[in-house]
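Written below as structure tokens is the structure these notes are about.
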């Protein structure tokens, strides 16, 4: 496929993914390919005689399976014509990325902290892994804001960057395969990447490598969307407080940009000199993450087109 046609196909794919995300949001689990990928990952979450060996095999094979399925789907569609291939790639990018569901859930939690705290506690586990029962309203808002920043990197920027890189190397089928591979790595880490699960060690380390660039790209996008480009530099003071070498960058950048503290009790306290977010700062945080997502999509579309 010649350069201009490849760029048009990539831009069409990104446009379709964005359009579907805006119209549909998340597919139901029974229809979502990533839910089935999660079942495959879940099968490995058991007692093994050599859990790290099993985890290493899973870290190699499961992302490759996701990439192969994406590549085969787009390649098959591409035999019909380049538009069909672009549309298939757009669908793959749609199921491997998420923005609308993320910001809507974060917004819902933030609003509910003032009107219905029980609803906020019911909804926040979709964003954070900690027990919400003892969290104060400000801690619930902190969890929603920091998760929105972190998941912008995992759920949008990482597969989008992979797609654009793949397109530049070999076309939309390779771009879709790259997005699928990254989603496989992220899924392994999100389900198994805990110290209590030795089978997840290899997947977690692989995710650390994969997310090194997207997390920092997301931090830059957050700073630009907030109109505080210097926030990335200021965030260096707290970016390494979380155990993850990457998640602290978008979270700390958003904390600095909003001039709020973001806290996970017993784990980290980002921008610790500032107060936890009130409802208005929480709302602004969601708007900034939304803007950062839009900036990332526009940048990805332009780079892919070129």
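Since every read-out is calculated from the coordinates, none of them should be taken as a lab result. Every value quoted in this text rests on a predicted model; they were computed, and no experiment measured them. All Cβ positions, even for glycine, are placed from backbone atoms using ideal geometry, and neighbour counts span all protein chains on display.
Taking the longest Cα principal axis of the chain as reference, the axis of helix 100-115 is set at about 20 degrees.
If I take all pairs of Cα atoms in segment 1-76, what percentage of them are more than 14 Å from each other?
Across segment 1-76, Cα pairs with separations above 14 Å total 75 percent.
When only Cα pairs under 8 Å and 6 or more residues apart are kept, what is the percent relative contact order across segment 1-136?
32
Per residue, the average separation of C-alpha pairs within less than 8 Å and at least 6 apart gives the chain a relative contact order of 23 percent.
Taking the C-alpha atoms only, the angle from helix 33-43 to the longest principal axis of the chain is near 70 degrees.
For the chain, the percent of C-alpha pairs falling in each 20 Å distance bin, counted from 0 to the bin holding the largest distance, reads 34, 57, 8. In terms of packing, defined here as the mean over residues of other Cβ atoms within 10 angstrom, the peptides 184-194, 87-97, 203-213 line up highest first as 87-97, 184-194, 203-213.
Which of the peptides 141-147, 274-280 is most tightly packed, and how do the rest follow, judged by the mean count of other Cβ atoms within 10 Å per residue?
The peptides rank, most packed first, as 141-147, 274-280.
Alpha carbon centre of segment 159-202 versus segment 246-297: separation in Å? Each part's Cα centre sits 25 Å from the other's. Helical content of the chain, expressed as a calculated mean residue ellipticity at 222 nm, amounts to -23000 deg cm²/dmol (DSSP H runs of 4 or more residues, -39,500 (n - 2.57) each, divided by residue number, nearest 500). Helix 51-78 and the longest principal axis of the C-alpha atoms of the chain enclose an angle of approximately 50°. Between 68, 223, 215, the GNM of the chain built on Cα springs shorter than 10 angstrom shows 68 fluctuating the most. For segment 138-186, the relative contact order comes to 29 percent (Cα pairs under 8 Å, sequence separation of at least 6).
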